[in-house]
Amino acid sequence: MSRVILRQLSLLIITLILLSVLSFSLTYGFPGDPVTNSSGISAEHPTYEQVRETRGFDRSIPVQYVRYVQHLARGDWGVSLQDAQPVWEEFRLRFPATLELTFLSMGLALLLGPPLGIIAAMNYKRPIDHAITALSLSGYSIPVFWFAQLSILIFAVVLEWFPIAGQINPLLDVPPVTGAILIDLFYADASIRGVAFQSAIQHLILPVLVLALVPLVLLIRLTRNAMIDVNRKKFMKGAYARGLSTTEVMMTHGIPNAMQPVTRQIGTAFSILMTNTLITEVIFSWPGLGNWLVRSIYERDYPVIQGGLVLLATLILLFNIFISLIHAWRYPQVRQEIYAQS
Amino acid sequence: MTHKLLKLLAPVSLLLAGCQPDLPASADGLLYCSEGNPESFNPQLVTSGTTLDMTAAQLYDRLIDYDEDEHRFRPALAERWRASPDGLRYTFFLRSDVTFHETDYFVPSRNFNAQDVVFSFNRWLDTEHPFFAVSGGIYPFFSATGLNQLITRVEAIGPHQVEIELKEPDSSFLATLASDFAVILSAEYAQQELQAGTPELIDVRPIGTGPFKFGHFRRDVAVRLERHKDYWQGQAQTEQLVFRITPSDHKRMLMLLTRDCDVSPYPPARDIAWLEAREDITLQQATSPNTAFWAFNTEREPFDDPRVRQALAHAIDREALLRTVYFGHATMADSILPATSWAHTPMSDAFHYDPERARELLAEAGLPDGFTMSLWALPVQRAYNPNARVMAELMQSNLADVGVNATIVSYEWSTFRRHLAAGLHDSVLIGWSADHADPDNFFRPLLTCAAKESGSNRAQWCNPQFDELVQAAIRTTDTEERMAYYALAQTLLAEQVPLLPLAHSQRFQATLNHVQGIKPPAYGGIRLYPAYRLQQSPETKDAL
């Protein structure tokens with residue numbers, strides 16, 4: 001296992017270096033002054049010369065790269081070209097909001113997806129299976145932005161169950177401390193905490209449902225297929241022949257084996273979810289990273305685009321490596337494959 | 001199957017309907033959906049209507065106000081005022097019972113007095129003033145109207161008396177004082193921040209005398225204002241005022257339907273008839289004097305040639321723009337000045353649709369093969385232009401007909417304005433809403449050399465003859481004489497075409513029925529002080 005961890009760690013480090021090189025190269029890739037692109041300080045600004053020097057733009061490219069990484073590590077991500085606010089400060093409030101949304105959606109997908117897939121597989125070619133398969137197939141073919149608009153129309157406009165913008169009713173004074181609304185509640189005045197919690201949950205339901213849809217149907221389909229494969233295996237028949245009950249067979253032999261290919265794909269599901277986050281945040285006016293990144297692309301706010309890319313890519317990377325580790329830890333044969341290669 | 005599903009959903013729906021949370025008393029308030037972020041919290045520094053809506057009438061007061069219904073000035077912070085017979089000296093007698101906001105960052109030790117007025121004026125009058133250069137030192141409205149040149153002295157002649165001396169008589173002076181920009185700030189607060197070494201905070205965390213005080217601003221999310229309990233006109237009925245920042249007009253309308261907003265300005269023009277038919281929403285309109293126009297950057301080639309500008313003016317089918325963009329809720333503009341103004345002189349010949357003539361003019365100007373230009377479309381909805389993007393697309397095809405290739409450019413509102421002021425555009429679709437009732441408001445702030453200096457002249461146009469005409473018009477109080485000068489100025493504009501007037505439109509505002517007491521303003525920003533909420537029982541809420 002330690003070799004697996006080492007392997008994943010070195011992979012992480014190499015990818016991070018590549019990522020930082022790519023992000024640094026954008027400094028020159030974007031049109032305009034490289035100093036402004038990476039720091040957000042325009043040439044007319046009085047501190048321009050100083051910034052140019054500390055970021056090493058008077059020296060060779062490798063020095064500039066090292067300085068760039070140093071600035072990243074220090075949390076000095078430059079200032080936004082739109083309002084001259086420090087990019088990192090804004091990220092600090094927006095990133096938790098995005099994390100909250102993605103992890104709740106991913107959690108929901110993980111909670112519902114595999115069980116539904118197993119139920120479908122156990123009722124293979126029966127009405128329940130058809131219903132679940134049909135549902136997951138249609139869910140898979142609906143584009144997220146369309147599903148979001150549709151759910152707004154049905155659940156918010158017609159039925160009036162849910163609000164459609166922001167994290168909470170802004171009349172409730174919940175100051176943004178971390179950016180993640182469910183955590184910020186604890187910093188709010190105790191007298192409104194109950195109502196604020198209700199309001200926050202209501203604001204979360206629609207975006208979380210919309211975001212969870214794609215990973216959910218992906219997980220259903222994967223689990224179902226894996227489970228059907230496992231059900232055909234001889235050891236399953238053997239287990240039944242030994243007189244074990246269906247529950248016992250599933251719990252000890254069926255599900256653990258079926259989950260192996262599914263676990264490997266959770267990382268993919270997460271990457272898809274992250275891309276959908278950008279669209280969903282815009283539609284639901286969620287004050288997260290995606291919303292800001294989309295607008296910054298529109299505004300050509302290069303320091304923000306650069307920082308946002310690094311942050312999102314790192315998140316996806318970390319999550320994938322985490323899943324790989326779990327996968328290897330949970331399934332010895334995966335570790336063996338890795339050892340065999342090396 | 002569907003039946004089962006419905007049964008399954010029924011308790012869920014009950015649960016959800018039941019938990020539209022009843023807000024505690026401290027969270028009572030009004031949700032106003034705004035079109036963009038505020039650029040500043042000090043109206044002296046801005047011209048954008050979005051910022052004025054959020055700040056001017058909410059956070060601040062002026063010396064005098066303009067009564068739109070009775071068409072006269074009425075006392076505000078000044079109880080009464082007196083003009084000297086030669087029209088060069090005005091004395092204002094101030095109220096003594098006015099308190100400034102008390103917040104967690106400032107506790108006033110005294111009431112409003114003459115020092116605050118002197119500070120508020122000198123801040124933008126006196127270039128040596130310690131606060132002049134704070135926040136950029138640009139006061140677009142005052143430099144565009146020439147008020148900073150007009151006023152020679154502001155002096156406190158008593159604790160509650162202020163005298164303002166003018167260089168020459170100006171018939172629009174009181175109107176500019178009643179406009180949203182001439183707000184009164186706290187001299188004591190400014191002093192406190194100056195001593196703390198953070199003078200710029202007075203425009204970021206504002207203190208004023210208005211009915212609401214500043215609470216919190218989160219970019220792209222909301223501006224929260226709280227009630228000023230000791231407001232001199234009596235406290236506002238709503239505890240809080242929240243401006244939710246929602247740039248999309250479609251989203252604002254949806255949020256009105258889902259009760260995420262109580263008030264939504266500038267609903268989508270295509271939905272106006274539909275909104276009017278709804279029983280839970282009140283649709284109001286104000287015939288605010290405004291003009292949408294297409295300004296050419298006259299400093300750039302080929303727009304420095306009047307023939308090119310005339311040609312472009314003839315290339316645009318404005319009839320079609322009115323139908324498609326305004327859905328008929330506007331009238332065609334035949335002058336920069338709206339038809340409601342007494343000085344209006346229509347110049348329809350200069351601007352009518354004639355692509356043949358446009359091609360001829362282009363050929364005369366040496367551009368028979370056309371050229372490529374950028375067409376900037378303002379990114380927010382304004383009273384004068386509900387959808388500049390669509391308008392730009394229509395104009396793009398009009399222009400293609402005469403051989404001009406236009407690319408549409410747009411940025412977020414504050415970036416857009418910054419780039420415009422810097423003159424980076426070839427041409428721009430923008431407009432102007434009157435700040436006060438005087439016709440001068442459509443000339444000096446928009447098209448004079450002074451306006452070019454201050455960055456509010458979108459055409460970057462500077463014509464001494466025009467400047468002389470509008471100056472002459474302002475020096476006299478005789479209406480006949482002024483009308484003659486303005487007619488000449490409008491004729492000059494029709495020849496030179498620094499901009500093409502497009503339309504005068506109505507400002508619409510959609511409000512949920514339970515919010516009462518407000519109306520869309522004719523001049524400047526909205527006043528939310530009189531707003532109140534009808535108490536309603538939960539049953540009526542469900543019935544809606």
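Quick notes on this one:
- Among the candidates B:Thr258, B:Thr291, B:Thr282, the residue that is open to solvent by 10 Å² or more (accessible area, probe 1.4 Å) and away from every other protein chain (no Cβ under 14 Å) is uniquely B:Thr282.
Conditions tested, residue by residue: (1) open to solvent by 50 Å² or more (accessible area, probe 1.4 Å); (2) within 12 Å of another protein chain (Cβ to nearest Cβ); (3) not in a helix (DSSP H, G or I).
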| residue | (1), (2), (3) |
| --- | --- |
| A:Ala109 | no, no, no |
| A:Ala120 | no, no, no |
| A:Leu171 | no, yes, yes |
| A:Phe186 | yes, no, no |
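- Elements of the type helices (runs of 4 or more DSSP H) sitting completely within region B:317-386 and holding at least 3 residues that are surrounded by fewer than 19 Cβ atoms within 10 Å (Cβ to Cβ): these cover B:318-326, B:355-364.
- Number of residues in region A:128-164 that are within 12 Å of another protein chain (Cβ to nearest Cβ), in contact (Cβ under 8 Å) with a residue 40 or more places away in the chain, closer than 16 Å to A:Phe284 by Cβ and open to solvent by 80 Å² or more (accessible area, probe 1.4 Å) equals 1.
- Yes/no for B:Glu301 being assigned to a loop (DSSP other than H, G, I, E, B), free of Cβ contacts under 8 Å to residues at least 12 places away in the same chain, open to solvent by 50 Å² or more (accessible area, probe 1.4 Å) and at negative phi: yes
- Single unsatisfied condition, A:Gln202 versus (1) among the polar types (S, T, N, Q); (2) farther than 30 Å from A:Pro114 by Cα; (3) within 12 Å of chain B (Cβ to nearest Cβ): (2)
- Between B:Phe119, B:Phe106, B:Phe112, the distinction of being under 15 Å from B:Val162 (Cβ atoms), touching a residue at least 12 places away in the same chain (Cβ under 8 Å), buried (at least 20 other Cβ atoms within 10 Å of the Cβ) and in contact with a helix residue (DSSP H, G or I) (Cβ under 9 Å, 6 or more places away or on another chain) belongs to B:Phe119 only.
- The residue that is nearest to the other protein chains (Cβ to nearest Cβ), counting only those in region B:231-255 that are crowded, with 21+ Cβ neighbours inside 10 Å and part of a loop (DSSP other than H, G, I, E, B), is B:Thr246.
- Strands (runs of 3 or more DSSP E) completely within region B:420-524 that count 3 or more residues being of a type in the set (A, V, I, L, M) and under 23 Å from the mean Cα position of the chain (by Cα): B:427-433, B:499-505
This table checks each residue for (1) at pLDDT 90 or above; (2) under 27 Å from B:Val515 (Cα atoms); (3) open to solvent by 50 Å² or more (accessible area, probe 1.4 Å).
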| residue | (1), (2), (3) |
| --- | --- |
| B:Leu23 | no, yes, yes |
| B:Asn37 | no, yes, no |
| B:Leu45 | yes, no, no |
| B:His71 | no, yes, yes |
| B:His101 | yes, yes, no |
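- Residues of region A:237-289 satisfying the condition of being away from chain B (no Cβ under 14 Å) and charged (D, E, K, R): A:Lys237, A:Arg242, A:Glu248, A:Arg264
- Checking A:Glu89 against (1) more than 22 Å from the chain's Cα centre (by Cα); (2) at pLDDT below 90; (3) open to solvent by 70 Å² or more (accessible area, probe 1.4 Å), the condition it does not meet: (1)
- Filtered by the rule that a residue be free of Cβ contacts under 8 Å to residues at least 24 places away in the same chain and surrounded by fewer than 19 Cβ atoms within 10 Å (Cβ to Cβ), region A:254-286 gives A:Pro256, A:Thr275.
The values are calculated or read from the model by the stated rules, or taken from the named source; none is laboratory data. None of these values were measured; they are calculated from a predicted model. Here the Cβ is made from the backbone with ideal geometry for all residues, glycine too, and neighbour counts use every protein chain on show. Surface areas here come from the heavy atoms of the whole protein model, side chains and all, with no ligands, DNA or RNA. Shrake-Rupley method; radii C 1.70, N 1.55, O 1.52, S 1.80 Å.
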